[in-house]
Amino acid sequence: MSTADEVSIALEEVTGALPGGGEVRRGQRSMALEIAEAIDTEHHLVIQAGTGTGKTLAYLIPAILSGRRTVIATWSKALQDQMERSDLPMLLEHLDKTFSHAVLKGWDNYVCHERLDQIRAPGRQQPLEGLVDGSDDTQVDSILEWAESSVSGDRADLPFEPTPATWSSVSVGTDDCIGLSECPFASECRPARARQRARDADICITNHHLYAVDVALNGMLLDHPDHPHELVVFDEAHQLEEVFTASFGFQLTVGRFRWLARLARPALKQADLAAELDDGATRFSTWLADNPDRRLVADSCSDLDPVLGLAETRIDRVLVAVRKAVRDIAHSSDDSATQRERRRLTRLLNAGSTLIGDVRFARGLLRKPTEHTSIGQAEVGDEHLAWVERSGTRMVLRVAPIEVGPRLASDLWPLRTAVLTSATLPINLPARLALPKPDTSTVDSPFDYETQSLLYCPTHIPSPSEDEPGWSAAMLTELEFLIHAGGGRTLALFTSWRRLQAAVATIRPLVPYRILEQGDLPARTLLEEFAADESSCLFATRSFWQGIDVPGPSLGLVVIDRIPFPRPDEHLTRAWRDRAGLDGWGAVDLPLGALRLAQGVGRLIRSRTDHGVAAVLDPRLSAARYSGALLAALPPMRRTSDPEEAATFLGSLFS
């Protein structure tokens, strides 16, 4: 039997066993067969598969039947959970092929028994000194009790949602872990067990970030030395460049310096060293506040170098003191208190070593090439970018490679077959990732977009590029009109926090429907509230443009304020544009804008029974010379510029 026949038969059997009895979709079969051929021929494949195709089964079945060890890397946790709890158990039951599977999450998704032992230390009155401020004692005690019987130690299995500070009190990241060789709880280590299961599994499910870390570590994270994975499937592959860029770089934050000071205070019992670190954090915080959104260029950062230089000196002093304390404690009695002190010192040494390495790299990046001591360092200014960025309410110093393609071309693509898939993929993705000569394909969505949906773009309002105040006022008027026409049921997506907040303030008093605002509640709770209250509206920004799935009558209208082109001050995008040359905007901004627009519009139709209007309140989508490229990225929806036609369509949905 051929591979194609085997995959087709398996797909029929599996879909037929779905609740209610399913049928194989034409696009799903086509996608599964193309992936099977790519695996057989060891050719990389980039396949855009529209919403509703059934991508997950289309790549899981040929991967499992191939017998090759496979890693599936996704961007969203929801997709990982779906495969772990639903798809893979179902395939185990109905496929005539045995296989093992495991899910690998980040180290800090699991409770740390060494940290719990520190918290349980005799005489503890509050959570262990040196942990994140704001930890909830009651939640910590509940986690201590839960950890006694939990098999997984996974945060997702907790019966309640701990605060971020609380969870940081009972878990560690890889930088903070003291290491299995030092830890007396190594045999109980939940993340180590999860990592071992992932290395041994035939099918490993993980996220893009951990896969990028694995690439950086030359396979040490995901691969058993005798059994490396032969196939990787990147779902939600449109996120890959962004994730690899972030993962191959780092951030210098005030919190990292403060955290080191908190660790140093109880571990070294030298208040002066901790105070010096706190002072260094304050100086760095002041510099960040004085330089918002600044791009850092070599030879022009004389004001930052002394700040980082002072921090480096003080971290080095701490490390010297830690090493001395480790030597001293080696001659002490080996009781439980001494063991705890040794582990505190090890954690402090690990965190300090990582931080001082990043500080030194950042300083080297900003010096003249002639001052570097090696050719590799001399090139670093051309390969990396450093800038100040706002992250929530904080300012951070980000350092990232300008291009990830060269690294992937040497450390990933030659080693295994790769399948990249998503509902929306930028046409230049293979080039940007340096993916060599991939096969490419497109599988259309099974949804009837021309019947189920309408794309509305008003042409009677100003363009935001020509009359920002006039457009802003007209956009809000259009938004109010559409919400009334649709009876609420609106997901309004904004390209900036400022416009989001202005829209909430303006629209709330004008409509009789509940307005949910991003930031008022945790994201998952917001979506649950939005789905449960059919007439409610959800106003949100960047993180809600993708990965949001609200099928049914609660969502009949998606409104996008303007075409989501990258902002001119997005430093990494600007660097890409500069490298692209004369047509930098067309090579970088236009594909990114089209991708983000398609992601936002894609929130509307999530099932065969969904109907609704996608409204883009930016007339450039109809009138600009580049509008064709934007429209080509969207589903084949019927289009109108007539507000009354849009209102009539909305009114017909729920009348």
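The values are calculated or read from the model by the stated rules, or taken from the named source; none is laboratory data. Only a predicted model underlies this, so the values are computations on that prediction, with no experimental measurement involved. When we count neighbours, we look across all protein chains shown, and the Cβ atoms used for this are built from the backbone with ideal geometry, even at glycine.
Numerical summary
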read-out	value
Qualifying position, being surrounded by fewer than 15 Cβ atoms within 10 Å (Cβ to Cβ) and either assigned to a helix (DSSP H, G or I) or aliphatic (A, V, I, L, M) (or both), among Glu450, Glu478	Glu450
Positions within the stretch 234-254 being assigned to a loop (DSSP other than H, G, I, E, B) and either in contact with a Cys (Cβ under 8 Å, 6 or more places away or on another chain) or buried (at least 22 other Cβ atoms within 10 Å of the Cβ) (or both), in sequence order	Asp235, Glu236
Subset tally (residues that are under 33 Å from the mean Cα position of the chain (by Cα) and assigned to a loop (DSSP other than H, G, I, E, B)) for the stretch 459-475	3
Residue count, the stretch 214-228 (criterion: in a loop (DSSP other than H, G, I, E, B) and either surrounded by 21 or more Cβ atoms within 10 Å (Cβ to Cβ) or in the same structural domain as Leu304 (by TED's automatic domain parsing) (or both))	1
Among (1) touching a strand residue (DSSP E or B) at 6+ places or on another chain (Cβ under 6 Å); (2) under 24 Å from Phe544 (Cβ atoms), the one test that Thr640 misses	(2)
Filter pass, Leu231 being surrounded by 22 or more Cβ atoms within 10 Å (Cβ to Cβ), of a type in the set (A, V, I, L, M, F, W, C) and outside the structural domain of Tyr59 (by TED's automatic domain parsing)	no
Top-ranked residue of the stretch 187-202 - restricted to ones that are assigned to a helix (DSSP H, G or I) and under 15 Å from Arg115 (Cα atoms), ranked as nearest to the chain's Cα centre (by Cα)	Pro191
Yes/no for Arg85 being among the charged types (D, E, K, R) and either assigned to a loop (DSSP other than H, G, I, E, B) or in contact (Cβ under 8 Å) with a residue 12 or more places away in the chain (or both)	no
Tally of residues being of a type outside the set (Lys, Arg) and touching a strand residue (DSSP E or B) at 6+ places or on another chain (Cβ under 8 Å) across the stretch 41-75	22
Number of positions in the stretch 416-440 that are assigned to a strand (DSSP E or B) and either more than 30 Å from Gly552 (Cα to Cα) or charged (D, E, K, R) (or both)	5
Failed condition for Glu644, given (1) without any contact (Cβ under 8 Å) to a residue 12 or more places away in the chain; (2) more than 28 Å from Gly470 (Cα to Cα); (3) of a type in the set (D, E, K, R)	(2)
Matching residues in the stretch 255-311 - criterion: being assigned to a helix (DSSP H, G or I), loosely packed, with under 15 Cβ neighbours inside 10 Å and hydroxyl-bearing (Ser, Thr, Tyr)	Thr282, Thr286
Arg606 out of contact with any Leu (no Cβ under 6 Å at 6 or more places or on another chain), in a loop (DSSP other than H, G, I, E, B), at negative phi and surrounded by fewer than 15 Cβ atoms within 10 Å (Cβ to Cβ)	no
Contacts under 6 angstrom Cβ, first residue in the stretch 444-459 being farther than 26 Å from Met31 by Cβ, partner surrounded by fewer than 18 Cβ atoms within 10 Å (Cβ to Cβ) and not hydroxyl-bearing (Ser, Thr, Tyr), 6 or more apart	Leu454/Arg638
Residues of the stretch 38-67 classified as without any contact (Cβ under 8 Å) to a residue 60 or more places away in the chain, assigned to a helix (DSSP H, G or I) and not polar (S, T, N, Q), total	5
Of residues in the stretch 130-163 being in contact with a Pro (Cβ under 6 Å, 6 or more places away or on another chain) and at pLDDT 85 or above, the one farthest from Leu260 (Cα to Cα)	Gln139
Which listed residue is within 26 Å of Ile427 (Cα to Cα) and in contact with a Phe, Trp or Tyr (Cβ under 7 Å, 6 or more places away or on another chain), from Ala73, Ala36, Ala32	Ala73
Matching residues in the stretch 236-281 - criterion: being among the basic types (Lys, Arg) and either without any contact (Cβ under 8 Å) to a residue 24 or more places away in the chain or assigned by TED's automatic domain parsing to the domain that holds Cys177 (or both)	Arg258, Lys269
Residue in the stretch 16-27 that is crowded, with 19+ Cβ neighbours inside 10 Å and within 30 Å of His209 (Cβ to Cβ) present	yes
Residue list for the stretch 501-527, filter: among the polar types (S, T, N, Q) and surrounded by 19 or more Cβ atoms within 10 Å (Cβ to Cβ)	Gln518
Options Ile315, Ile329; residue that is aliphatic (A, V, I, L, M), out of contact with any strand residue (DSSP E or B) (no Cβ under 8 Å at 6 or more places or on another chain) and at pLDDT below 90	Ile329
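Table: residues versus (1) buried (at least 17 other Cβ atoms within 10 Å of the Cβ); (2) under 21 Å from Pro522 (Cα atoms); (3) in the same structural domain as Phe257 (by TED's automatic domain parsing).
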| residue | (1), (2), (3) |
| --- | --- |
| Ser150 | no, no, no |
| Asp154 | no, yes, no |
| Asp157 | no, yes, no |
| Pro162 | yes, yes, no |
| Ala165 | no, yes, no |
| Leu180 | no, no, no |
